[in-house]
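The values are calculated or read from the model by the stated rules, or taken from the named source; none is laboratory data. What you see is a predicted model; the values in this text were computed from it and never measured. Glycine gets a Cβ as well: all are built from the backbone with ideal geometry, and neighbour counts include every protein chain shown. Side chains are part of the model used for accessible areas, which takes the heavy atoms of the whole protein and leaves out ligands, DNA and RNA. Shrake-Rupley method; radii C 1.70, N 1.55, O 1.52, S 1.80 Å.
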Amino acid sequence: MDDVKSTVTAPSALRQSLGRYGIRSIALRLTNPARRPELADAVRELEDIGYRTVWLGASPSMRHARMVLEESARLVVATSIQTIWEQDPADAAKEFAALEAAHPGRFLLGLGVAHAATTGRYLRPYSAMAHYLDALDAGGQPPQRRLLASLGPKMLELARDRSAGSIPYLATAQHTAQAREVLGDGPLLAPEVKVLLETDPDRARTLARLSLSTYLTIPNYANNLLRLGFTEGDLAGGGSDQLIDALVAWGDEERVKRRLDEFFAAGADHVAIQVIHENPLSVRFVLDGQPLEPRLREGWRRLGAALLGS
C-alpha cells in the first residue's frame, strides 16, 4: 500500500494529548470487577497528578481500556499491546469505533504480535501484522489512531507506513535513536522505560534483574538487544550491569529524569514509564487481579512531582 506511506502521520494534536510522560501499568488492566473502585481511585489520582496518558500492559483488550476510560474524565488510554491473535480485525474495527464514539479522541489501539511462547498461532508475524492492518483499514479503523509495538527494522517500517507510530517495549536510548532514523520525523515514537526509584546501585540492579530475567529469555527481546551490540554474556544471569543500566532508569528522581532525557534526546516524543519496585511481579506477564500496591502509586506520585511539577 504505497499510497498509505505518505498519508499516515502523527499529528501534533496527538503528541500534545499524550503529554511528555505517561504511565504504563499491568495493574490498571482490570480483571477482577470487585477492584473497580480501586481502579477508579487510581485513575483519578493519575489525572490529579497531571499524567495525560495510561498504557495498559499484559496483553489488554479494548474491554480493559473501556473500563479505564469510563473511570476517567480526560486520560488518553492505549493498549500496550493488544495482540493481533486475540481478536478478529473486523471485530476490532467495530469495537474501536464504539470506543471512539463514546470517548472521542481518547483511545489509541496499540497492536503487537507478542511472542511464540504466548500463543500457538504465532506464524510469520510481519505478514500476519500486515494482513491484520489491511483488514482494519477495510473496517474503517483509522491508521492515525493506532500504534505498533515494533523493535526490528521491518516492523518499524510497517509502523511508519501503516500507523501513527511505534511503541517499543524493553527499549534503550540507543534503540530509540535507531527507531527514529527508520521512522523519520513524522510518526510518533513512544518507548516504554522501566523506572526504579532506588539509589543504591547494587540493590537497584538486583531488583531490576528480578523484573527483567524472564524478558531476556524471550527471542524477540533477546535478538533486539543482540542487534544493539549486547552479547549473550550480557543477557545471562538476569543481565549484566551494563545491560541493566541501559534498560532501567534507576536512582533518585533527578537521576531518573536525566536518564529519561536521554530517550528524548534520541528522538522519543513520549515516554511510557513503567514503575518497578521490590515486587518483581509488577512487570511480569499477565497477572489476574494484581493489586495496586501502595509503592506503585507512591512511585507515580514521586515521579509526577519531579517530572510534571505536581
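Just a few scattered comments:
- Residue-wise HN-Hα couplings along the stretch 60-77, as the Karplus relation 6.51 cos²θ - 1.76 cosθ + 1.60 with θ = phi - 60° gives them from phi, are x, 10, 5, 4, 5, 5, 4, 5, 5, 4, 5, 8, 10, 9, 8, 5, 7, 10 Hz; Gly and Pro carry x.
- The convex hull defined by the C-alpha atoms of the stretch 49-101 has an orientation-averaged projected area of 3.8 nm².
- Charged side chains reduced to their Cβ positions (Lys and Arg at +1, Asp and Glu at -1) give the stretch 1-110 a dipole of some 280 debye around its Cα centre.
- HN-Hα J in Hz across the stretch 123-130 - Karplus 6.51, -1.76, 1.60, θ = phi - 60°, x for Gly and Pro: 8, 6, x, 5, 5, 4, 5, 4
- Carbon plus sulfur fraction of accessible area for the stretch 189-236, probe 1.4 Å, in percent: 52
- Principal axis dimensions, the chain - Cα atoms, whole angstrom, descending: 52, 44, 37
- With contacts taken as Cα pairs under 8 Å and at least 6 residues apart, the chain reaches a relative contact order of 22 percent.
- GNM flexibility winner over the chain from 136, 226, 216 (Cα, springs under 10 Å): 226
- Length gained on full extension, residue 200 to residue 308, computed as 0.36 nm times the residue gap minus the Cα-Cα distance: 36.4 nm.
- The stretch 73-129 and the stretch 211-269 have their alpha-carbon centroids 26 Å apart.
- Other-chain or far-sequence residues with amide H under 5 Å of residue 108's (modelled H): 77, 78, 79
- Spin-label model distance (nm) - residue 254 vs residue 217, 7 Å beyond Cα toward Cβ: 4.0
- Database remark: amide H of residue 194 closer than 5 angstrom to the amide H of 249, 274 (H placed geometrically; neighbours at sequence offset of 5 or more, or on other chains; Pro and chain starts carry no H).
- Each Lys and Arg contributes +1 and each Asp and Glu -1, all at the Cβ; summed about the Cα centre of the chain, the dipole is approximately 240 debye.
- Distant-in-sequence amide H partners of residue 26 (H built 1.01 Å from N, under 5 Å): 57
- Each residue, residue 70 and residue 116, gets one label point 7 Å from its Cα in the Cβ direction; the gap between the two is 3.9 nm.
- If a spin label sat at a point 7 angstrom from the Cα of residue 134 along the line to its beta carbon, the backbone N atoms of the stretch 144-167 nearer than 17 Å would be those of 158-159, 161-163.
- For the stretch 17-129, carbon and sulfur atoms together expose 52% of the accessible surface, with a 1.4 angstrom probe and every protein chain in place.
- Residue-wise HN-Hα coupling along the stretch 181-188, computed from phi with Karplus coefficients 6.51, -1.76, 1.60 (Hz; x: Gly, Pro): 4, 6, 6, x, 7, x, x, 6
- Using a probe of 1.4 angstrom and keeping all protein chains present, the accessible surface of the chain works out to 40 square angstrom per residue.
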